[in-house]
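The values are calculated or read from the model by the stated rules, or taken from the named source; none is laboratory data. Note that the coordinates shown come from a computational prediction; the quantities given were computed from them, not determined experimentally. Cβ coordinates were reconstructed from backbone atoms using ideal geometry, including for glycine residues, and neighbour counts include every protein chain displayed.
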Amino acid sequence: MSATEDAGDHGHGGHLPAVEDFPRGFGEASWWPFVTAIGGSGIYVGAALFLLAARGGFGIGMGTAAAVSIGSIGLFVFGILGWLYHGFVASFWQRHKSEQSESKLVWGMYAFLGSEIATFSAGFIYFFFIQAGGLGEIPDVFGSLVIFNTLLLIASSFVLHFSEVALRNGNRKRFVTLLGATLLMGIIFIGGQVYEYYEFLAVKNFTPAAIAGGEVIYSNPFASAFYALTGLHGLHVTLGAVLLGIVFVRGLRGQYSAERHVSVKTAALYWHFVDVVWIFLVAAIYIGATAL
Amino acid sequence: MGLSGELALTLLTGVLVLIVFALATRFDDWRTYTPLAGGGALGGETGYGHDEKPGGIVRWLTTVDHKDIGILYGVYAIVAFAWGGLAVMLMRFELATPAMDVLASVGGRAFYNQLLTSHGITMLFLFGTPILAAFSNYFIPLLIGADDMAFPRINAIAFWLLPPGAILIWAGFFLAPFFDGIAASMTSWTMYPPQAVAQTAAGQDAMSYEYAGRVIASSEIDTAALNAGTDLMLLGLHLTGVSATMGAINFIATIFTERGSDVGWDKLDIFSWTILTQSALILFSFPLLGSAIVMLLLDRNFATGFFAVEGGGTILYQHLFWFFGHPEVYILVLPPMGIISYVLPRFSGRKLFGFKFVVYSTLAIGVLSFGVWAHHMFASGIDPRLRAGFMAVSLAIAIPSAVKTFNWITTMWNGNIRLTTPMLFCIGFIANFIIGGVTGVFLAAVPVDLILHDTYYVVGHFHYVIMGAIAFAVFAGVYYWFPIVSGRMYQRTLGKAHFWTTMVGTNLTFFAMILLGYGGMPRRYATYNGVTAEGIIGYFTNLHVIATVGAFILLVGQIIWLVNMVQSWLEGPVVGPDPWNLKEDGLPSREFDWHADRIETTLADGGEPAEDEPMTDGGEPVDADDDAAGDE
């Protein structure tokens, strides 16, 4: 009976989830989740303090809010890195390769991407909702920069794919090079987006709302959709670049092999997903809004 | 908002906690059990616990064991249940009379609205979802033969996001006594704009101003006057949504990949099926709510116009909210249905009738639940053709629910029924769910809904489901699995008293509400002394008094439950390997097999002083439980 084995295994530490961890020596204890959660919650508390400071009258300054936010982000990142290190990195070669642990990571990523569809869909629904009622006069958002960025992102997905293929074929050098190239392309894409934001916000004065003399003017509902969706996507590309960056560093340090590359696969899945979302976004927002 | 009022409320809460505490301690000196020291007797696994976990409070902060995290979820949910319950008790006392009296000194109608909002949000997000996560965390890995969850650390992170989430959600109550510009949110749990975008701390509209004695609507928002309590609540809600999504991802990965080699899809138990479906619903609905909440926050603080008239308008918000909100109903009800489908057969002496069809109906509900959301918006003026479509799907979703109900009844038919406390709650579930379900079918019909919309009929309907069904299933699960989690047996007399008070209280309270709705009493009102129609004020008052009496009976019942749980956990009789005599009926289950193994392993390891004679003590009290069904 497997239940017996289950109970028995606990006695020998065969299947304990956190053998390699902080505090060391226990099998089912880890400080990282708690640290990460406190850091993550602290970001929300920081946002709350920021809003309270903006309202005034609570004796909270922007400095406090900023300090709490930055501290929390630091704690959050520290927790995530500690968890990554003990959970995946530290004993990479000692752990037994198991099909089960690989498929759970892949399934976890698929499920996460499912939730991402829902996150993005709210923004798309807003856009289609206002589009049905007529967008009114909108600036020309579609241009050569968008075409360049789109081609770059699509190309990066292909490069990443060939990087994975190289790893599976045992060509580590090619794997690391192509992964680095993907990362670089991602960073250039983000740079392009930042430049576009600068252009729109500072030069063309294309903003969702203007506050003039205490009066709020909803200048452009389309701008809300534009910045919400491109901003959300930009955050996702950034997160994707961070994930690829972690994989890249681990690759440089000699981890991964033709048989062991599940985190390359999950990070790549995420990158491809972000790429597909961008294509939808270009079709809907950039082309759909101006051409249709 | 008086400071004294806030203090009075805090005092009242404190007194109630003290009463419960005093009642619990009267039974014995419970300090001898030192639940948090030395590896923790609280989890009931001292036998090997200290090998893998540090001792004391550190164990609970660092644990990645799904069983410990399940217990943490449970304790958290009970605290939230108490908060939401006490909030609604104050509301019920206020409603016992037509005029504003009980809450008059505490802030009047504004305070009533704060309680209303907090009650809804707390019960749905901080009690409902976490208490189900308590069951699924503890039992899913045991039921599917897994060592732990797929991602034990993510599991722990998901839990630890919840307490800060609750603090943010409740923060308005905590800060209101100290600052003028903040109060608990008064948006009700649906948070509809423009109210949710432009409400001040005094409950006024920040988008209008008074000029020469007249209120003038304006497109400007006086952002400095907005109630910061709503912002904090929205942030807290987003945080709990992130937590729920992480949990859902974890359960999907666990059930897909961590099943034991002998647990194929055909052998998967019914509770795991419902949790899998629930997780899929969470996956596609909670993130959408998260995005809608962020849009609300941006509208409030950065002058975007997502839900302004110039943008998507309030109808867009309602679409987004209910696209989350209706699946949320099934997120809350599917796992309880799974618990009923799992527990009921064990005390009927029969296997679940039509297991496959119960699974199919679960999946059908999961799919259909995304196609019914606009039935919450029938009265909002949306296109009638759209309404007809949503009416059809909403009526259709009653079919899989009815399939389940008939399967439960036929499982009991000719069965060897043992009326233990969990079984009583299962039967109570079915009875209440039938009333809650049938009233829902009426609401799904557009013409009926247009009459009953926003009346107490709706409140009665969904409370029959949420309190009468979901909470009943939760209690059934708590009693059924109490021997595994605590290693002890609860007091059966108190358990039965809890059931009967809860059953009577639920039906008194919520049936009165259905009648109130037929009479036309609108929901969300703190007073009804403005009603002038002859005779109707007396009708309203009488029914409100009945509902308040029912609510008080419910409160008494839940205090009995809490006392029973605490006292039995500390000093109830230690149970044996098969406390429910499941083997006798040929209905063994994996989690009780695991429980029996644990007792064996503990004994082999040298045992523990507290469990001198677990084998002889075990079967007895449970056998006695059968006496209740003496006529079988």
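For the list (1) within 30 Å of residue B:122 (Cα to Cα); (2) not in a helix (DSSP H, G or I), I need the number of the one condition that residue B:395 fails.
(2)
Among (1) under 25 Å from residue B:118 (Cα atoms); (2) at pLDDT 95 or above; (3) not polar (S, T, N, Q), where does residue B:496 come up short?
In the conditions (1) under 25 Å from residue B:118 (Cα atoms); (2) at pLDDT 95 or above; (3) not polar (S, T, N, Q), residue B:496 misses (1) alone.
Of everything in region B:143-156, what is within 15 Å of residue B:73 (Cβ to Cβ) and more than 7 Å from every other protein chain (Cβ to nearest Cβ)? Give them in sequence order.
B:149, B:154, B:155
Looking at (1) assigned to a strand (DSSP E or B); (2) at pLDDT 90 or above, which is the only condition residue A:216 fails?
Failing condition for residue A:216: (2).
Out of the residues in region B:262-278 that are under 11 Å from residue B:590 (Cβ atoms) and within 19 Å of the chain's Cα centre (by Cα), state the one that is surrounded by the most Cβ atoms within 10 Å (Cβ to Cβ).
Within region B:262-278, the match that is surrounded by the most Cβ atoms within 10 Å (Cβ to Cβ) is B:271.
So if I check each of B:317, B:342, which one is crowded, with 24+ Cβ neighbours inside 10 Å, in contact (Cβ under 8 Å) with a residue 40 or more places away in the chain and away from chain A (no Cβ under 14 Å)?
It is B:342.
What tally of residues in region A:69-110 results from selecting those that are in a loop (DSSP other than H, G, I, E, B) and of a type in the set (Lys, Arg)?
So the answer is 2.
Examine region A:184-204 for a residue that is out of contact with any Phe, Trp or Tyr (no Cβ under 6 Å at 6 or more places or on another chain), of a type in the set (Val, Ile, Thr) and modelled with pLDDT under 90, and state whether such a residue exists.
Yes: one or more hits.
I'm checking my understanding of the structure. Among residues of region B:443-464 that are over 16 Å from residue B:519 (Cα atoms) and among the hydrophobic types (A, V, I, L, M, F, W, C), which one is surrounded by the most Cβ atoms within 10 Å (Cβ to Cβ)?
Only one residue fits best here, namely B:444.
Taking the residues in region A:116-131 that are hydroxyl-bearing (Ser, Thr, Tyr) and more than 15 Å from the chain's Cα centre (by Cα) as candidates, determine which candidate is farthest from residue B:317 (Cα to Cα).
A:121
Restrict the check to region B:152-170 and report whether at least one residue is of a type in the set (Gly, Ala, Ser) and modelled with pLDDT under 95.
no
Report every pair of residues separated by at least 6 positions or lying on different chains whose Cβ atoms are under 7 Å apart, first residue within region A:77-95 and polar (S, T, N, Q), second surrounded by 14 or more Cβ atoms within 10 Å (Cβ to Cβ).
A:91/A:20
Which fully enclosed helices (runs of 4 or more DSSP H) of region B:516-632 have 2 or more residues being modelled with pLDDT of 90 or more?
B:536-571, B:590-604
Would it be correct to say that residue B:223 is β-branched (Val, Ile, Thr) and modelled with pLDDT of 95 or more?
It is false that residue B:223 is β-branched (Val, Ile, Thr) and modelled with pLDDT of 95 or more.
Which one of A:107, A:83 is in contact with a Lys or Arg (Cβ under 7 Å, 6 or more places away or on another chain), more than 30 Å from residue B:181 (Cβ to Cβ) and facing another protein chain (nearest Cβ under 8 Å)?
None of the others qualify; the one that does is A:83.
Let me spell it out: the conditions are (1) free of Cβ contacts under 8 Å to residues at least 60 places away in the same chain; (2) away from chain B (no Cβ under 14 Å); (3) under 23 Å from the mean Cα position of the chain (by Cα), and residue A:150 meets all of them except one. Which number is the exception?
Condition (1) is where residue A:150 drops out.
Search region B:262-289 for residues being without any contact (Cβ under 8 Å) to a residue 12 or more places away in the chain and part of a helix (DSSP H, G or I), and hand back the single one that is farthest from the other protein chains (Cβ to nearest Cβ).
Residue satisfying both the conditions and the ranking: B:266.
Determine which member of the set B:438, B:448, B:474 is closer than 27 Å to residue B:134 by Cβ and either touching a strand residue (DSSP E or B) at 6+ places or on another chain (Cβ under 9 Å) or part of a helix (DSSP H, G or I) (or both).
Being closer than 27 Å to residue B:134 by Cβ and either touching a strand residue (DSSP E or B) at 6+ places or on another chain (Cβ under 9 Å) or part of a helix (DSSP H, G or I) (or both) holds for just one of B:438, B:448, B:474, which is B:474.
Could you please find all residues in region A:41-80 being within 12 Å of chain B (Cβ to nearest Cβ) and over 24 Å from residue B:299 (Cβ atoms)?
The answer is A:42, A:59, A:72, A:76, A:79, A:80.
Sort out which residues of region A:248-263 are closer than 11 Å to residue A:176 by Cα, surrounded by 15 or more Cβ atoms within 10 Å (Cβ to Cβ) and modelled with pLDDT under 95, and write them in order of number.
A:250, A:251, A:255, A:256
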